[in-house]
Amino acid sequence: MNYIFNIGRYWLFMKQLVARPEKFSIYWKQLVRELDNFGYGSMGIVALTSVFMGAVITIQTVYNLVSPLVPMTAVGIVARDSIILEFSPTMMSLVLAGKIGSSIASEIGTMRVTEQIDALEIMGINSSAYLVLPKIVAAMLIFPFVVIISMFLGIAGGWIAGVGAGVISSEIYIRGIQDSFVPYNVTFALIKTVTFAYIITTVSSFYGYYTEGGALEVGQSSTKAVVYSSILILVFDYILTQLLLT
């Protein structure tokens, strides 16, 4: 019953975001700050993860292609499609759920237990919209750019690892990347990314906004935000794949 209660409470929370809209100028400063935090502030871990992810995929693909009937250009094809379709949108979203989701839940949860949200309500401000809406918009705008950069870095990491280890030539790897490329795969990945951005920000904000107690409960809300965001990302990854690729 607790799950049903939380689902209903979540949708009422979403309704509350747009029930009393404020002027756009009130949100602008918050939006710019969140864009910088979600984009530039996340590039370090995204870049590092993407490069090594691409390197591992390439090396493992090379050593698993033991059949002489499979051309070596398949290494580039596998690395490209794996990174674009799954690893960059899904794995990066899981990484960002841990980094950004926990940060959002902790920030809003701390404001709740220190009664800062109550103070906003007393001043006549729609606290949920003021605190959450800029985060949702910023994430849905900036996450696709972060994932596109992750795709390039992942493919580049595979090229560096493969050529550096001497297991594949640069020419063959690049030829494989270019072979049978389907542009729709990038569109599909970006649709998933925007969906995951919405999930991360709304779920994390929900658990932070309804935190009760003190510092211990803020930590628990942060943990729940990451766990449930990650679960929903995996569930919707499957749903969107079924809907858009089959």
Item to check | First in segment 115-136 and among the small types (Gly, Ala, Ser), second anywhere and surrounded by 19 or more Cβ atoms within 10 Å (Cβ to Cβ) and at pLDDT below 90, Cβ under 6 Å, 6 or more apart | outcome: SER127/ILE117
Next on the checklist: All but one of (1) surrounded by fewer than 18 Cβ atoms within 10 Å (Cβ to Cβ); (2) hydroxyl-bearing (Ser, Thr, Tyr); (3) closer than 30 Å to ILE108 by Cβ hold for THR49; state the number of the condition that does not hold.
Outcome noted: (1)
Next on the checklist: Could you go through segment 13-36 and let me know if any residue there is in contact with a Leu (Cβ under 6 Å, 6 or more places away or on another chain) and in contact (Cβ under 8 Å) with a residue 40 or more places away in the chain.
Outcome noted: yes
Checklist entry - Could we say that GLU115 is modelled with pLDDT under 90 and of a type in the set (D, E, K, R) here? => result yes
Checklist outcome for this item: Condition set crowded, with 21+ Cβ neighbours inside 10 Å and of a type in the set (Val, Ile, Thr), scope segment 55-81, selection farthest from the chain's Cα centre (by Cα): answer is VAL62
Next on the checklist: Of the conditions (1) in contact (Cβ under 8 Å) with a residue 60 or more places away in the chain; (2) touching a Lys or Arg at 6+ places or on another chain (Cβ under 6 Å), LEU240 satisfies every one except a single condition; which number is it?
Outcome noted: (1)
Next on the checklist: For segment 193-209, check the following and say yes or no: at least one residue is farther than 22 Å from MET92 by Cα and more than 19 Å from the chain's Cα centre (by Cα).
Outcome noted: yes
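One line per residue, one yes/no per condition, for (1) at pLDDT below 90; (2) farther than 16 Å from SER221 by Cβ; (3) polar (S, T, N, Q); (4) in contact with an Asp or Glu (Cβ under 8 Å, 6 or more places away or on another chain):
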{"position": "VAL95", "(1), (2), (3), (4)": "no, yes, no, no"}
{"position": "SER106", "(1), (2), (3), (4)": "no, no, yes, no"}
{"position": "THR110", "(1), (2), (3), (4)": "no, no, yes, no"}
{"position": "ASN126", "(1), (2), (3), (4)": "yes, yes, yes, yes"}
{"position": "TYR130", "(1), (2), (3), (4)": "yes, yes, no, yes"}
Item to check | Residues satisfying the stated conditions in segment 115-149, i.e. among the β-branched types (Val, Ile, Thr) and touching a Leu at 6+ places or on another chain (Cβ under 9 Å) | outcome: ILE117, VAL132, ILE136, VAL137, ILE142, VAL146, VAL147, ILE148
Checklist entry - VAL167 versus (1) crowded, with 23+ Cβ neighbours inside 10 Å; (2) not in a helix (DSSP H, G or I): which is the lone unmet condition? => result (1)
Item to check | Members of segment 137-164 that are hydrophobic (A, V, I, L, M, F, W, C), farther than 16 Å from PRO89 by Cα and touching a residue at least 60 places away in the same chain (Cβ under 8 Å) | outcome: VAL137, ALA138, ALA156, TRP159, ILE160, ALA161
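Go through segment 191-223 and give me each residue that's surrounded by fewer than 19 Cβ atoms within 10 Å (Cβ to Cβ) and part of a helix (DSSP H, G or I).
Once the filter is applied, which keeps residues that are surrounded by fewer than 19 Cβ atoms within 10 Å (Cβ to Cβ) and part of a helix (DSSP H, G or I), segment 191-223 yields ILE191, VAL194, TYR198, ALA215, LEU216, GLU217, GLY219, GLN220, THR223.
Looking at SER169, SER180, which is the one that is polar (S, T, N, Q) and within 23 Å of LEU85 (Cα to Cα)?
Within the list SER169, SER180, the selection yields SER180.
The values are calculated or read from the model by the stated rules, or taken from the named source; none is laboratory data. Since the structure is predicted, the reported quantities are computational estimates derived from the model, not experimental observations. Note that each Cβ is placed from the backbone with ideal geometry, even for glycine, and that neighbours are counted across all protein chains shown.
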